[in-house]
Structures are given as C-alpha cells and as structure tokens.
Amino acid sequence: MELTKTEKPWGHELLLGEWRGWRIKILHIAEGHRLSKQYHRAKVEYMFNLNDETWTFIQPFQVHRPAAREGDVTIVELSKGSDDDIVRLADDYGRIEAPAATYEIREDDSIQTSKEVPVHV
C-alpha cells in the first residue's frame with residue numbers, strides 16, 4: 001500500500017495503512033493550529049502524541065480537539081470506523097455547514113445530544 005498524504009488547513013495527515021476496518025495515520029499539526037472541536041457517532045480513536053509520549057482513547061460522542069500550542073505536534077492515530085463520521089462543533093477554518101444537533105458538553109468532555117441532524121462535511 002502506498003502512503004497517502006492529505007494536506008489539511010492545520011497541517012497534514014499520512015495514511016499508513018488499513019486492515020479489517022482499522023486505519024493508522026500520522027497527524028502533523030503545525031504550531032498554532034488545531035483540529036475541529038469534534039466528536040464521532042461510532043468511530044473510536046487511539047491517539048499517541050509523539051511529542052509528550054501520551055496516549056488518549058477517544059470514545060464515540062467524546063468531544064476532542066487536538067492542538068499544537070507550542071511547536072509542531074505529531075500524533076499517531078489508530079482508529080476503527082469511518083472518517084466521514086465526524087460532527088464538527090467548532091472549526092477555525094470554516095468547515096461547518098450546519099448545526100449538527102442541540103448538544104450539551106458534560107464535565108468529562110462527553111457529549112449529550114438531544115437530536116441528530118444530518119451534517120455534510
């Protein structure tokens with residue numbers, strides 16, 4: 001399999017491979033940039049930050065927003081589920097087309113939605 005590089009407004013991602021629904025990617029976040037404030041309805045992600053050597057497990061409906069505050073950040077992402085399963089709540093690059101749903105963010109950063117509305121990204 002060939003490496004696939006996708007330029008993003010926050011940096012780029014490299015798709016390293018796919019196997020039985022699992023994907024492994026390298027996310028390179030440029031200093032001062034961040035991804036969308038987002039959650040997924042079904043996708044699960046394991047993120048390993050190579051800069052500070054920390055693991056984060058992202059469950060469905062858990063709000064997350066990786067960022068590079070001081071220096072570039074490189075993250076290894078292992079995920080199961082579709083990349084299209086993204087609901088953006090906020091975005092620095094104008095990639096939100098419509099409100100996703102009425103939602104409440106809990107203290108543990110999980111999300112409670114009151115209704116689901118289709119979102120096209």
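The values are calculated or read from the model by the stated rules, or taken from the named source; none is laboratory data. No experiment lies behind these values; they were computed from the predicted model shown. Here Cβ is always computed from backbone atoms with ideal geometry, including for glycine, and neighbour counts include all displayed protein chains.
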Scanning the range 82-105 for residues that are part of a loop (DSSP other than H, G, I, E, B) and either at pLDDT 95 or above or within 11 Å of the chain's Cα centre (by Cα) (or both), the one surrounded by the fewest Cβ atoms within 10 Å (Cβ to Cβ) turns out to be D84
Please find, within the range 106-121, the residue that is modelled with the highest pLDDT out of those that are part of a strand (DSSP E or B) and among the polar types (S, T, N, Q).
S110
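One line per residue, one yes/no per condition, for (1) touching a Gly at 6+ places or on another chain (Cβ under 9 Å); (2) part of a loop (DSSP other than H, G, I, E, B); (3) modelled with pLDDT of 95 or more; (4) surrounded by fewer than 13 Cβ atoms within 10 Å (Cβ to Cβ):
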{"site": "M1", "(1), (2), (3), (4)": "yes, yes, no, yes"}
{"site": "R23", "(1), (2), (3), (4)": "yes, no, yes, no"}
{"site": "F48", "(1), (2), (3), (4)": "no, no, yes, no"}
{"site": "N51", "(1), (2), (3), (4)": "yes, yes, yes, no"}
Take the range 53-66 and flag every residue that is outside any loop (DSSP other than H, G, I, E, B) and either loosely packed, with under 14 Cβ neighbours inside 10 Å or touching a Cys at 6+ places or on another chain (Cβ under 9 Å) (or both).
T54, W55, F57
